[in-house]
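What follows is a single structure, written as structure tokens, with notes after it.
The values are calculated or read from the model by the stated rules, or taken from the named source; none is laboratory data. Note that the structure is a prediction, hence the values are computed from the model and not measured. Positions of Cβ are generated from backbone atoms using ideal geometry, with glycine treated the same way; all protein chains shown enter the neighbour counts. With ligands, DNA and RNA removed, areas are computed over all heavy atoms of the protein, side chains included. Shrake-Rupley method; radii C 1.70, N 1.55, O 1.52, S 1.80 Å.
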Amino acid sequence: MAKPIRMFKLISGEIVIGKYDEESGNLEDLGTIEIAGTASGPQMMLIPYGYPFEQEFSGSVHSSFFMYEFTRIPEGLDTQYLEACSKLSIARSSGLYGTGGSGGNPAGGSGLITGAAGLKF
């Protein structure tokens with residue numbers, strides 16, 4: 001069974017995202033959300049927790065370190081997290097009757113996975 005993706009603020013003030021294991025109370029395969037100010041406004045970056053020393057989405061933190069649970073994950077962040085963890089790119093559909101291949105997928109495939117990709121932020 002797939003573990004739900006959840007986002008928390010830790011008592012240290014960091015915002016983390018990961019797969020929540022209800023049995024152990026741990027958030028696993030951690031990523032952290034960094035906010036950077038740019039000329040066009042604030043931008044969110046999803047990076048592995050512990051970066052630059054940790055290059056993979058791994059590790060865990062126990063729920064005793066959670067200060068706040070976000071009730072909703074910003075649109076597209078869960079998909080970006082899954083892509084970064086799996087190093088696969090999930091195809092985006094332009095709609096049921098979009099332009100291009102079957103099911104609105106311009107690549108013409110099933111619209112589920114398009115192939116391997118590096119970490120894109």
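Quick notes on this one:
- Considering the stretch 25-35, and only residues there that are open to solvent by less than 50 Å² (accessible area, probe 1.4 Å) and on the phi < 0 side of the Ramachandran plot, the residue that is farthest from the chain's Cα centre (by Cα) turns out to be 26.
- Residue tally, condition in contact (Cβ under 8 Å) with a residue 24 or more places away in the chain and outside any strand (DSSP E or B), over the stretch 25-40: 1
- Filter pass, residue 43 being part of a strand (DSSP E or B), polar (S, T, N, Q) and open to solvent by 80 Å² or more (accessible area, probe 1.4 Å): yes
- Across the stretch 15-24, the number of residues qualifying as within 9 Å of the chain's Cα centre (by Cα) and small (Gly, Ala, Ser) comes to 1.
- Just one residue in the set 99, 71 is open to solvent by 80 Å² or more (accessible area, probe 1.4 Å), outside any helix (DSSP H, G or I), polar (S, T, N, Q) and modelled with pLDDT under 90; that residue is 99.
- For residue 17: the one exception among (1) open to solvent by less than 40 Å² (accessible area, probe 1.4 Å); (2) modelled with pLDDT under 90: (2)
- Residue identified as buried (at least 17 other Cβ atoms within 10 Å of the Cβ), modelled with pLDDT under 95 and either part of a loop (DSSP other than H, G, I, E, B) or more than 11 Å from the chain's Cα centre (by Cα) (or both) among 8, 57, 53: 57
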